[in-house]
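For reference, the structure discussed in these notes is given below.
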Amino acid sequence: MHLTRSVSCLSLLLACALSAGAQAPASQSNPRLSALKTEAMKDIDSRAQFTQQFVDQVFSFGELGFQEFETSKYIVGILKQNGFTVREGVAGIPTAWVATWGSGKPVIALGSDLDGIPQASQIPGVACHLPLVQGAPGHGEGHNSGQAVNITAALAIKKIMQREHMSGTLKIWPGVAEEQLGSKAYLVRDGVFKDVDVVLFSHVGSNLQTGWGASQGSGLVSVLYSFEGQAAHAAGAPWRGRSALDAVELMDVGWNFRREHLRLQTRSHYVIRNGGDQPNVVPPTAAVWYYFRELDYKKIKELWAIGDSVAQGAAMMTGTKLASERVLGSAWPGHFNRPIAEDMTENIKLIGLPKWTAADQQFARAIQKEVKGDTTGLDTAVAKLESDVPDSLNMGGGSDDIGDISWNAPTIVLLYPSNVPNLPGHHWSDAIAMATPIAHKGATAGAKAQALTMLDILLTPALVDSAWSYFRNVQTKTVKYEPLMRPEDRPATELNTDILARYRPEMKKFYYDPKKYPTYLQQLGIAYPTLRKADGSCAATPNTLQ
Ligand SMILES: [Zn+2]
């Protein structure tokens, strides 16, 4: 995983030549490419309402991982209308699909996540906590915007490809259940990326930016430990019972003691998924769900093995059985492609950040103040290209199963400015901007970055060659991909079924209807921005379609 610039330059002259020439993007010496880029940017501006309604529509669905049924139906419908061939139910995941258009090389795969966050329901455009549906999930990560970015870009480029008779295939695919790290390794196992030349992944952020090499953060394996004990009357005959909940609690206690003696880069967390039914029945079953995060495959496996031994110890102590150990998700640490990231960064400089209004800035600062973040407002200068984070400087952090894909084909992640900086993440405040002009303008800027980079890939074969040269000769020279999930593991498609069954009837009342309302804020009757009132109260009453 550890890369230094000197190693990469010694072993990859082509990538370094490209990097040295990063100030001169491919289009500067190619007037045709330059003209097509100007055309694509104008075309994407003309699609701003399509992008906005897409962002708003998916926001209103607010679906959790593996339950993205309305979201996928909506997106697949748009793709079919636009001439894409769509394969549904990919890798045994009902909400996963792969849409393809075009023919021949290069094959460009555009991906982005779909899923929301539990208990993150929030009325958009209101800078304080007001759930749309109390207790319901919502887009408290901003995954409602990424496919709008990709598909807006794809439609603009498809139009150009058709007119110019260009060779090339566009593949669009979803990150299902990203919050569970639940699907991308299965898409890899299904062969979705076998013929792909370059993967351009988009993810919501607060600036327009990409990076190459190892990124700050971790990989992980997500494991559900289920224990079986013996039921008994908890007062009448407790000595005849063996509590599975005791095993769960002792596993957690054991893990928390062991945690002191783990590497500082390690991160782990758990939730109890089943703690029994009622106090007077000794729980015959109980289950706890762990995320084990580390910096590379070997260390993730070692951490997981410690988890297994703590679980077995807990079972021995309590006279219960470790009945099953289910892998619910996994993610390799990401490593991203240098030539493609450098190319996109030059395009980002052409695009710049959206023009934020005084209302956007006022709204952003109000949210930041609300969650005690730095009140810097929205970024107004394009961020720099992120470069390889060596292990010695990586103190761990979040994970994304795009990591698995990044070890199977040259991949980059575009961050686009649809959300507000300095928020906690996975939180209702991260949903507040996601159906407002901030999200809409950010998605349009993101679509331009994807589109311009697609044009470079389509018209500059040397760029694809250098991407593969980096992938083969630098990135995977000593590290070989092996899936973290085992051959017998299957996607955990049952996750979140109960939550959606409970909240969907109420959430449906707030689904966006673009035939009736130009924007979701208008449908809800929310003035933008709505701030706390002078007396400190937080109030807004959304309309429903009832
Ligand atoms: Zn995400």
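The values are calculated or read from the model by the stated rules, or taken from the named source; none is laboratory data. All values derive from a computational prediction rather than experimental measurement. Glycine also receives a Cβ, built like all others from the backbone with ideal geometry; neighbour counts cover every protein chain displayed. Ligands, DNA and RNA are excluded from the accessible area calculation, which covers all protein heavy atoms including side chains. Shrake-Rupley method; radii C 1.70, N 1.55, O 1.52, S 1.80 Å.
Residues of the stretch 361-386 that are open to solvent by 40 Å² or more (accessible area, probe 1.4 Å) and not β-branched (Val, Ile, Thr): GLN362, ARG365, LYS369, GLU370, LYS372, ASP374, ASP379, ALA381, LYS384, LEU385, GLU386. Restricting attention to the stretch 198-217 and to residues that are among the small types (Gly, Ala, Ser) and within 14 Å of the ligand (Cβ to nearest atom), the residue that is farthest from ILE402 (Cα to Cα) turns out to be SER206. Residues that are open to solvent by less than 10 Å² (accessible area, probe 1.4 Å) and more than 20 Å from PRO421 (Cα to Cα) within the stretch 113-131 comprise LEU114, ASP115, listed in sequence order. Does ILE117 count as away from the ligand (no atom under 16 Å from the Cβ), of a type in the set (Val, Ile, Thr) and at pLDDT 95 or above? Judged against the criteria, ILE117 is not a match. Exactly one residue out of ALA314, ALA331, ALA341, ALA358 is among the hydrophobic types (A, V, I, L, M, F, W, C) and open to solvent by 10 Å² or more (accessible area, probe 1.4 Å), and it is ALA358. Are any of the residues in the stretch 189-204 open to solvent by 10 Å² or more (accessible area, probe 1.4 Å) and over 23 Å from THR100 (Cβ atoms)? Looking for residues that are open to solvent by 10 Å² or more (accessible area, probe 1.4 Å) and over 23 Å from THR100 (Cβ atoms), one finds at least one in the stretch 189-204, hence yes. State which residue pairs qualify: first residue surrounded by fewer than 20 Cβ atoms within 10 Å (Cβ to Cβ) and modelled with pLDDT of 95 or more and inside the stretch 246-269, second residue outside any helix (DSSP H, G or I) and β-branched (Val, Ile, Thr) in any location, beta carbons under 9 Å apart, and separation of 6 or more residues or different chains. Pairs that qualify, where the first residue is surrounded by fewer than 20 Cβ atoms within 10 Å (Cβ to Cβ) and modelled with pLDDT of 95 or more and the partner is outside any helix (DSSP H, G or I) and β-branched (Val, Ile, Thr), are GLU249/ILE272; GLU249/VAL288; ASP252/ILE272; ASP252/VAL288; ARG259/THR266.
In this structure, does PRO437 turn out to be closer than 20 Å to LYS37 by Cβ and either without any contact (Cβ under 8 Å) to a residue 60 or more places away in the chain or open to solvent by 10 Å² or more (accessible area, probe 1.4 Å) (or both)?
No: the conditions fail for PRO437.
Number of residues in the stretch 90-105 that are open to solvent by 20 Å² or more (accessible area, probe 1.4 Å) and assigned to a loop (DSSP other than H, G, I, E, B) equals 3. Among the residues of the stretch 114-150, those identified as outside any loop (DSSP other than H, G, I, E, B) and farther than 24 Å from VAL198 by Cα are ILE117, VAL126, GLY138. Residue count for the stretch 130-154 under the criterion of being within 16 Å of the ligand (Cβ to nearest atom) and β-branched (Val, Ile, Thr): the result is 1. Filter the stretch 400-415 down to the residues that are among the acidic types (Asp, Glu) and part of a loop (DSSP other than H, G, I, E, B), then identify the one that is farthest from the ligand (Cβ to nearest atom). Of everything passing the filter in the stretch 400-415, ASP401 is farthest from the ligand (Cβ to nearest atom). Apart from one condition, GLY111 fits all of (1) in a helix (DSSP H, G or I); (2) within 16 Å of the ligand (Cβ to nearest atom); the exception is (1). Entry remark, the stretch 286-337: residues being not in a strand (DSSP E or B) and not aromatic (Phe, Trp, Tyr) number 27 in total. Listed by first and then second residue, the pairs linking a residue in the stretch 155-177 that is within 16 Å of the ligand (Cβ to nearest atom) to a residue that is open to solvent by less than 10 Å² (accessible area, probe 1.4 Å) and among the basic types (Lys, Arg), with Cβ atoms under 8 Å apart and 6 or more places separating them unless they lie on different chains, are GLY175/LYS184.
Do you know which of the residues in the stretch 137-173 that are of a type in the set (Ser, Thr, Tyr) and surrounded by fewer than 24 Cβ atoms within 10 Å (Cβ to Cβ) is farthest from MET434 (Cα to Cα)? Ranking the qualifying residues of the stretch 137-173, first place goes to SER167.
Of the residues in the stretch 233-240, at least one is free of Cβ contacts under 8 Å to residues at least 60 places away in the same chain and either within 16 Å of the ligand (Cβ to nearest atom) or part of a strand (DSSP E or B) (or both).
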